[in-house]
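See structure below.
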Amino acid sequence: MGLNNRKIIIYTGTTILLIIIIATRCLDFFFFFNEDNRRYTIGTFSGIGYYRGSICKFNYKVGDSIYIVDTRFGLHDKDVKNLRLVVKYSNKWVEHSELLLEVVPKWVLAPPKDGWKQFPPDINWKGAELDTAYMQKLNLRIP
């Protein structure tokens, strides 16, 4: 196998890899996480795993099933044991999710049954089950 054949194999492999990466990102943007299929829910901390560093695992519930999403980044300054974060998931493929670093307030008890269709902080957590007594104690407006 000559040097030219190796270059052709490397260039072909690199091109195929780039096409796969671009196709995956396009599927995310145009299909799985488009405006109609994007949902948000609450992820609760479930534990820390270790694989080449620590990985924080969060559970989120859709319907009657519990799913896991994890992250390595952005949680170094937070108390992860009591942390609840917003999870973005696809309505078409519920296991396909992203953990957003948006902390869920303590007065939000549970998400709507089918998740939020809009980013929850933008709509003031509308549709969620709220702890109104706690909100009144903090003098927060109840949506």
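The values are calculated or read from the model by the stated rules, or taken from the named source; none is laboratory data. Treat the numbers as computed from the prediction; the structure is a model and nothing was measured. Note that we place each Cβ from the backbone using ideal geometry, even for glycine, and neighbour counts take in every protein chain shown. Remember, those area values only see protein heavy atoms, side chains included, never the ligands or the DNA or RNA. Shrake-Rupley method; radii C 1.70, N 1.55, O 1.52, S 1.80 Å.
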Worksheet item: Charges only on Cβ, +1 for Lys and Arg, -1 for Asp and Glu: so what's the dipole of the range 103-143 about the Cα centre, in debye to the nearest 20?
Response: 80
Response to the item:
Compactness summary of the range 1-44: radius of gyration and Dmax from Cα atoms, Å, are 18.2, 56
Worksheet item: Given a Förster distance of 41 angstrom, what is the FRET efficiency for residue 24 paired with residue 83, based on the Cβ-Cβ distance and rounded to 0.05?
Response: 0.90
Response to the item:
Of every hundred units of 1.4 Å-probe accessible area on the range 38-143, the number belonging to carbon and sulfur atoms, as a percent, is 48
Worksheet item: residue 102's amide H: which non-local residues (gap 5+, or another chain) put their own amide H closer than 5 Å, with H modeled 1.01 Å from N in plane and none for Pro or chain starts?
Response: 86
Discussion item. If packing is taken as the average count of other Cβ atoms within 10 Å, what order do 44-56, 79-91 fall into, highest mean first?
Written reply: 79-91, 44-56
Worksheet item: By how many degrees, 0 to 90 and rounded to 10, does the Cα axis of helix 3-27 deviate from the longest principal axis of the chain?
Response: 20
Worksheet entry | Whole-number D in µm² s⁻¹ for the range 74-121, Kirkwood Cα-pair radius fed into Stokes-Einstein, 37 °C, 0.692 mPa s | 271
Worksheet item: Using a simple charge model, +1 on the beta-carbon of Lys and Arg, -1 on the beta-carbon of Asp and Glu, nothing else, what dipole does the chain show about its Cα centre, in debye to the nearest 20?
Response: 280
Practice prompt. Keeping every protein chain in place, order 67, 60 by accessible area at 1.4 Å, biggest value first, i.e. largest first.
Written response: 67, 60
